[in-house]
Amino acid sequence: PQTRASERDEGGLYRFDGARFVPAAVLALPAELRGQPVEQVHEDAQGRVWVTCRDADRVVVLDGTNGATLADLALDHGAAPGSLVLAEGAIDPIVCLEGEERVVRLAFDGTIGDSADVGRMPRGLAITGDGACIFVTPFLAGGSPARVLELDGATLAVARDVELADAPGPDTAASARR
């Protein structure tokens, strides 16, 4: 099931009912994190809901059925956990730590497993359905060419670094950049 953060600052979460996102009354962040920006929310194969709180340097794990906080994982100051992905059936998510410029496999107990240094400001994450490949993009290219890193899903080793072609033209409906 898909879960996402509330667009309000109340710490509420929404669950996809097959047609639309509806409030998930049982899911709420711990009181001290309410009002903190939530970056990503995903449910794992065991029904646990993983929530990244970038500004608080924390990842919170909630019980998907009763909303209880199962884990509140405090990361190093400045780690800035952002994007989070889970392969189908997986229980350990892959998380971008923007402040540390790396992507990590995070275990439920808070330990960091595999890790890959991915360079400046990793922000976007995508994963293939089987979890074999993970794709990482930086938030800003910073004058250098935009790129996508492909990581091996099993080890997080960098498999490819793909430089994207420059598209300097204006954004239009026909340019596919909207």
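Take peptides 47-56, 86-95, 110-119 and line them up by average Cβ neighbours within 10 Å, highest first, as a rough protection proxy. Display every interim value, and only then the final one.
Numbers: 47-56: 21.1, 86-95: 18.3, 110-119: 15.6.
In descending order of packing, they fall as 47-56, 86-95, 110-119.
Ignoring ligands, DNA and RNA, what accessible area per residue does region 26-68 give at 1.4 Å, in Å²? The partial results should precede the final answer.
Working: 1680 Å² over 43 residues.
The answer is 39 Å² per residue.
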From the backbone phi of region 124-133, what are the Karplus-calculated ³J(HN,Hα) couplings (6.51 cos²θ - 1.76 cosθ + 1.60, θ = phi - 60°) in whole Hz, Gly and Pro given as x? x, 10, 9, 9, 6, x, 8, x, 6, 10
With the contact rule set at Cα under 8 Å and sequence spacing of 6 or more, what percent relative contact order holds for region 62-155? 19
Is the shape of region 42-82 best called rounded, prolate or oblate, per the rule: a/c under 1.5 gives rounded, else a/b larger than b/c gives prolate, else oblate, with a ≥ b ≥ c the square roots of the Cα gyration tensor eigenvalues? prolate
Histogram of C-alpha separations across region 89-143, 5 Å bin width, %: 4, 19, 29, 24, 15, 6, 2, 1
Under 13 Å, Cβ to Cβ, from residue 108 - net charge with Lys/Arg +1 and Asp/Glu -1: -3
So, with a 1.4 angstrom probe, what is the percent of accessible area on region 51-165 that is carbon and sulfur? 52
Using alpha-carbon positions, the gyration tensor of region 61-170 gives root eigenvalues a ≥ b ≥ c; with a/c under 1.5 called rounded, otherwise prolate if a/b exceeds b/c, else oblate, the class is prolate
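The values are calculated or read from the model by the stated rules, or taken from the named source; none is laboratory data. From a predicted model like this one, the values you see are computed outputs, not experimental measurements. Positions of Cβ are backbone-derived with ideal geometry, glycine not excepted, and every protein chain shown enters the neighbour counts. Side chains included, ligands, DNA and RNA excluded: accessible areas come from the protein's heavy atoms. Shrake-Rupley method; radii C 1.70, N 1.55, O 1.52, S 1.80 Å.
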